[in-house]
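Notes follow the structure.
The values are calculated or read from the model by the stated rules, or taken from the named source; none is laboratory data. Computed from a predicted model, the values in this text were never measured in an experiment. With ideal geometry, Cβ positions are generated from the backbone for all residues, glycine too; neighbour counts draw on all protein chains shown. What goes into the accessible areas is simple: the full protein's heavy atoms, side chains included, and nothing from ligands, DNA or RNA. Shrake-Rupley method; radii C 1.70, N 1.55, O 1.52, S 1.80 Å.
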Amino acid sequence: MTIEYINDQLKSDVQINKNQYRLFGLYIKELLRWNKKINLTSITELEQCWEKHIVDSLLPTYLLSGDEKLLDIGSGAGLPCVPLKILFSELNVDSVDSVSKKIHFQRHCARVLQFSNFIAHAERVELFSTTHASQYDVVISRAFSSLKLFIEYAVPFIVPHGRIIAMKGSTADEEIEAAQEILLEYGLKITKNITVMLKPSGAQRVLLEIKKLPQMS
């Protein structure tokens, strides 16, 4: 895969440079190396890693400015938070996952990639919310749970004008329908709904931005 391959799939004002491309490759190398010992990914073919891990994780560039305080819930092997941090060095990232071996891998990557302002937490998200409520501009998740459950987890973390970003696949419409009650309960609205097709597989991805409705005076 090439820099042009990645740039071709992102919004026009985001460009990958040679150093970022090198760091993405290093991350994939470490992911596949660690995957031989612990289960981090079912995708082990190199080109698919670039598409399904790197490019897929970078799709939220459509919705980020790059300097937010971001929480990745159910971050697993660091997707999407590690690729997003490589792209946006000013992003202030916390990630949380209950599987400690996956968090150990993320911490290893943070050292190898020389990240600053990147903290990986081995904790259940329900407990994490008791100490980190109302701290994040953006809460994001990639295929962590149903949209309805993700919203319930995410709401306590966002600041008053914060956003929730859900990364979904071809079942997005059904999940949106199932989440209508919880959206209403929390006074939330889906403000952006962006469909993107990955190359070369043609897999459909849907990015959902969710915000709190303004309070009526």
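Remark: segment 168-209 is approximated by an ellipsoid whose semi-axes, taken from the C-alpha gyration tensor as √(5λ), come to 24, 10, 5 Å, largest first.
Split the accessible area of segment 15-124 by element, probe 1.4 Å, and carbon with sulfur accounts for 46%. Rounded is the label for segment 36-154, because the ratio a/c of its alpha-carbon gyration tensor axes (a ≥ b ≥ c) stays below 1.5.
Karplus-based coupling profile of segment 108-113, in residue order and whole Hz: 4, 4, 4, 6, 5, 8, with θ = phi - 60° in 6.51 cos²θ - 1.76 cosθ + 1.60 and x standing for Gly or Pro. Working note: Karplus 6.51/-1.76/1.60 with θ = phi - 60° gives segment 139-153 the couplings 10, 10, 7, 10, 6, 7, 7, 5, 4, 4, 5, 4, 4, 4, 5 Hz, where Gly and Pro are set to x. From the alpha carbon centroid of segment 45-64 to that of segment 144-217 is 19 Å.
Take every DSSP beta bridge whose two residues both sit in the chain; close to 45 percent of them are antiparallel. Tell me, what % of the accessible area of segment 131-217 is carbon and sulfur with a 1.4 angstrom probe? Heavy-atom surface of segment 131-217 belonging to carbon and sulfur, 1.4 Å probe: 54 percent.
Sorted largest first, the principal axis extents computed over the alpha-carbon atoms of the chain equal 51, 35, 29 Å. What FRET efficiency comes out for Q180 versus S65 if R0 is 35 angstrom and r is the Cβ-Cβ distance? Round to the nearest 0.05. It comes to 0.75. Heavy atoms of the protein chains alone define the surface here; on that basis the chain has 49 Å² accessible area per residue at 1.4 Å probe size. Across all C-alpha atoms in segment 130-207, the radius of gyration and Dmax reach 13.1, 42 Å. Once the Cα-Cα distance is subtracted from the 0.36 nm per residue extended length, the S146 to I194 segment shows a gain of 15.5 nm.
For segment 119-128, putting each phi into the Karplus relation 6.51 cos²θ - 1.76 cosθ + 1.60 with θ = phi - 60° gives couplings of 10, 9, 10, 8, 6, 6, 4, 5, 6, 4 Hz, in residue order, rounded to whole numbers and with x for Gly and Pro. With K and R counted +1 and D and E -1, the other residues having a Cβ less than 9 Å from that of T191 yield a net charge of +3. Helix 18-35: angle to the longest alpha-carbon principal axis of the chain, degrees 0 to 90, nearest 10? For helix 18-35, the angle is close to 90 degrees. What whole-number distance in Å separates the alpha-carbon centres of segment 77-102 and segment 111-134? That distance is 9 Å.
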